[in-house]
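Participant: Pasting a structure here, questions to come.
The numbers here are math on the coordinates, done by the rules we state, and not lab data. As the structure is a prediction and not an experimental result, all values here were calculated from the model. Backbone-built Cβ (ideal geometry, glycine too); neighbour counts: all protein chains shown.
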Amino acid sequence: MRFFIFPIRCFLLLSSIDAISAQDTLPNQNLPTLELKSYRLPFDPVKSLGSVHQTYITSSKKNEVIQLTDLPANLAEKTGRQVFAKIPGAFVYDMDGSGNQLNLATRGLDPHRSWEYNVRQNDVITNSDMYGYPASHYSPPMEAIQRIELIRGLGSLQYGAQFGGMVNYRTKEADTSSRFQFESIQSLGSFGLMSTYNAIGGQKGKLRFYAYIHKRISDGYRENATSKAEAQFAQLIYQPVQSLQLRVEFGRSTYLHRNPGPLTDAQFLENPRRSTRIRNYFNPDILLPSITLDWKISKNVSVNWITSAVLGLRNSVQFIGFANQPDTILASTGTYAPRQVDIDQFNSKTSEVRLRYNHPVGTLIAGTRYINNDLHRRQQGRGTVGTDFNLEVENNYFRRDVHLLTENIAFFVEHLWKAGKRLEITSGARIERGTSQMQGTIDYYPEEQIPQTIYHSFPLFALGAQYQLKQSSQVYGGWSQAYRPVIFADLIPPTVLDKTDPALRDAYGHNLELGLRGMLHNRLRYDFNYFQILYQNRVGTQLLSDETGASYLWKTNIGTSRTQGIESYLELGLVQSSFLKMSIFSATSFMEGKYLSGSIRKGNENINLTGNTLETVPKWISRNGLQIAYRRAQLLLQGSYVSSSFSDPLNTLEPTSNGAAGLVPAYTLWDLNLAFRIHPLFQLKMGVNNLTNQQYFTKRPTGYPGQGVWSSDGRGFMLTLTTVIREQKTSAAQY
């Protein structure tokens, strides 16, 4: 109990400090002292974006806004269960080391690098290659993010065809009330974690600027799991007149993670911190330049035009093998075996124009998006026999050296009709057309088996409605089509452990939802909804064996699935006063994912999947918390529960000997975070992740970083000091 009581005592002690008095006097005059006491109590509940947000229609869609500025969470390590604590159904798993990447999914989709979402930063697309490899390798520090905007699957018409929807990370900007500002966030934590974030911003005339630099290092929870990350960002906003704004941004993120390798279940139970690899590395280095023009042409007409690019590399050096295949020195050579080197070079350019027109009975949003990609994928190069991060390749020869060239254009239109004062009806359509052509060589594939051209052509439609029951509550819902094109990463096996069905086809389906949200007695915020995702031609992976008994992973269309469930968010304000705020929250989802049809080969027979449970779909995800803000102190105690899930379509219960398939067990975690405003310029945060030191894992990956068990972090501690200095435009002491 002492372990739990000590942070509470610290919280009560520091929060009891009175507010600093302020005294302003006129020169040479004796005036009475004026003492002001006020406390800004944070912990805003999750809110929605309204009916129309900028050039996006959000009416009838489930959407949420997460404010991160005052959240006493572990931002340095991007702890997803804390960042998305109040988002029901949000499933986040970690596989890239402390704080390197956020892997997010909702509604039973695959969280791998959030690739079922259209991922954006300040409305700029960050997915590396939408039709080659749509994972988002760009990963800004959470210290730089002010809020996160999340729109579920019904946003597919406006943002793109992803089943997941859209997630938009809004960065901090210059404080317009000050000439200059400086922010510094320094963090120390368990397992050798050190993180530094430093930002400047300000305004001079019609120009605003903001920039940050970030670095983080960590030894990692597991052996041989070191990480080194850094990021830079610069933003210039020029606003010559009120109706016109030009925004120029440049972002970069990179990290080098030493990959400790997958485990078998037996290895995990014996020691979850052990390593099976000492020579594996992963290193994305991504640049994100963009130019955004916002022009309010008239009272009713506005235009948003974003031109951007995703440039950079995804590098990996690996000894590839299942968890029970050791990477040891060979007796025949006295050295390790040569490693495999893979280098992806991204060159994705996007231009997106949106027009918003307001009229007496509604709002029209129309636009177009053009994408031009050149993904240069060099893989299966014969690397060095050393243990360091080294991208040298023997004779500079890669067994797979190809370019995937994609041109895609989409036209979309969505309209919001106001039928009276309470009813809003939305309808829309999107047309996607494009072609992906592959050029290059794959030395182990017959030429006739290499797809040379992939055509993308999909019309998508949607219909939704929203009805205002009272001033503070509304019913919303809708239906929207979506598709996921066959991507380059699906068609070409990434490793020697993978094989791909040459008849692989695009997946398509729909999102459907119906919900009720609002506020009751100004204390209880709620959002309940039912959802359904129909996913046809689902692409899946199965662990199989060839005629020699050797294991491999087979990627194919495995059938049609349907995921449905209930998402529930409740936040109740227990106490609300000028100096004390106390509330409890619950974000819970119940999901049921089933195969409606399909089959998959196992050995010499086809296994019918109808009725099987969908892999990577926990039936229950529930996060519940108590939060207190007292004077200048905050406390957040959070419990997270995730039920068990299957890792493969065959619903394998008993783990395989190599750990690649089997049940993913349920787990419960407790986190405690505290924050204290020790001075107007300084805030101190401290936290304990995984209070009970639960040993758990969240997923058995079917691809990178390796098939098997990936241990998640045990108990860890965090200490963060934030400093904010502002030079005000005017001085209150001058009269």
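Participant: Placing unit charges on C-beta atoms (Lys and Arg positive, Asp and Glu negative, everything else neutral), compute the dipole magnitude of the chain about its Cα centre in debye, rounded to 20.
Facilitator: So the magnitude is around 2360 debye.
Participant: Right, here's the next one. So what's the projected area for the chain, the Cα convex hull averaged over all directions, in nm²?
Facilitator: Orientation-averaged projected area of the Cα hull: 34.3 nm².
Participant: Quick check on segment 90-174: of the DSSP beta bridges with both residues there, what percent are antiparallel, nearest 5%?
Facilitator: Here the share of antiparallel DSSP bridges comes out near 70 percent.
Participant: For segment 596-735, what's the radius of gyration and Dmax over Cα atoms, in angstrom?
Facilitator: Values for segment 596-735 (Cα only, Rg and Dmax): 23.7, 89 Å.
Participant: A follow-up question, please. Computed FRET efficiency, Cβ-Cβ of residue 358 and residue 455, R0 45 Å: what is it to the nearest 0.05? All intermediate terms of the calculation are to be shown ahead of the outcome.
Facilitator: Working: r = 37 Å, r/R0 = 0.83.
Given R0 = 45 Å and the Cβ-Cβ separation, E is 0.75.
Participant: Where does each of 266-273, 380-387, 534-541, 147-154 land if you order them by average Cβ count within 10 Å, highest first? Working shown, then result.
Facilitator: Working: 266-273: 15.6, 380-387: 18.4, 534-541: 21.2, 147-154: 24.1.
Taking the mean over residues of other Cβ atoms within 10 Å, the ranking is 147-154, 534-541, 380-387, 266-273.
Participant: Can I ask one more? Please give the length that would be gained between residue 729 and residue 207 if that part of the chain were fully extended, namely 0.36 nm times their separation in residues minus their C-alpha to C-alpha distance (nm, one decimal). Mind showing how you got there, number by number?
Facilitator: Numbers: separation 522, 0.36 × 522 = 187.92 nm, distance 1.46 nm.
Answer, rounded to one decimal: 186.5 nm.
Participant: Further question: Within segment 376-431, report the GluC sites (Glu not before Pro) that DSSP leaves as loop and that have at most 13 other Cβ atoms within 10 Å.
Facilitator: Loop-located and lightly packed - 392.
Participant: Once you have the alpha carbon radius of gyration of segment 253-363, what is it after dividing by 2.2 N^0.38 Å, with N set to its residue count?
Facilitator: Segment 253-363 yields a ratio of 1.88.
Participant: Let me know the Rg and Dmax you get for segment 355-508 when you use only its Cα atoms, in Å.
Facilitator: Gyration radius and largest Cα-Cα distance of segment 355-508: 23.4, 72 Å.
Participant: Just to be sure I understand the model, the point goes 7 Å from the Cα along the line to the Cβ. What's the resulting residue 47 to residue 682 distance in nm?
Facilitator: About 3.2 nm, to one decimal.
Participant: Multiply the residue separation of residue 516 and residue 391 by 0.36 nm, subtract the distance between their alpha-carbon atoms, and state the gained length in nm to one decimal.
Facilitator: Details: separation 125, 0.36 × 125 = 45.00 nm, distance 5.32 nm.
Contour length minus the Cα-Cα distance gives 39.7 nm.
Participant: Around residue 593, with a cut-off of 11 angstrom between Cβ atoms, what is the net charge of the other residues, counting Lys and Arg +1 and Asp and Glu -1?
Facilitator: Numbers: positive: 107, 538, 562, 594, 619; negative: 592, 615.
Taking every Cβ under 11 Å from that of residue 593, the sum is +3.
Participant: Here is a further query. For the chain, what is the mean residue ellipticity at 222 nm derived from helices alone (per DSSP H run of n ≥ 4: -39500 (n - 2.57); sum divided by total residues; nearest 500 deg cm²/dmol)? Could the numbers behind the result be given before it?
Facilitator: Numbers: 5 runs with 32 residues, N = 735.
Taken over the chain, the calculation gives -1000 deg cm²/dmol.
Participant: Set the Förster radius R0 to 41 Å, insert the Cβ-Cβ distance between residue 198 and residue 523 as r into 1/(1 + (r/R0)^6), and round the FRET efficiency to 0.05. Could you put the intermediate results ahead of the total?
Facilitator: Details: r = 39 Å, r/R0 = 0.96.
After rounding to 0.05, the efficiency reads 0.55.
Participant: Where Rh is the Kirkwood radius over the Cα pairs of segment 173-262, the temperature 20 °C and the viscosity 1.002 mPa s, what D in µm²/s does Stokes-Einstein return?
Facilitator: Rounded to a whole number, D works out at 141 µm²/s.
Participant: Within segment 665-695, what residues put their amide N at less than 15 Å from the label point 7 Å along the Cα-to-Cβ vector of residue 644?
Facilitator: Under 15 Å, as judged by backbone N against the label point of residue 644, lie 665-668 of segment 665-695.
Participant: Gain in length, residue 694 to residue 550, computed as 0.36 nm per residue apart minus the alpha-carbon separation, to one decimal in nm?
Facilitator: Numbers: separation 144, 0.36 × 144 = 51.84 nm, distance 3.46 nm.
Extra length available between residue 694 and residue 550 comes to 48.4 nm.
Participant: Continuing with this model, one more query. Quick one: of 349/555; 86/581; 78/172; 299/421, which pairs are farther than 23 Å apart, Cα to Cα?
Facilitator: 349/555
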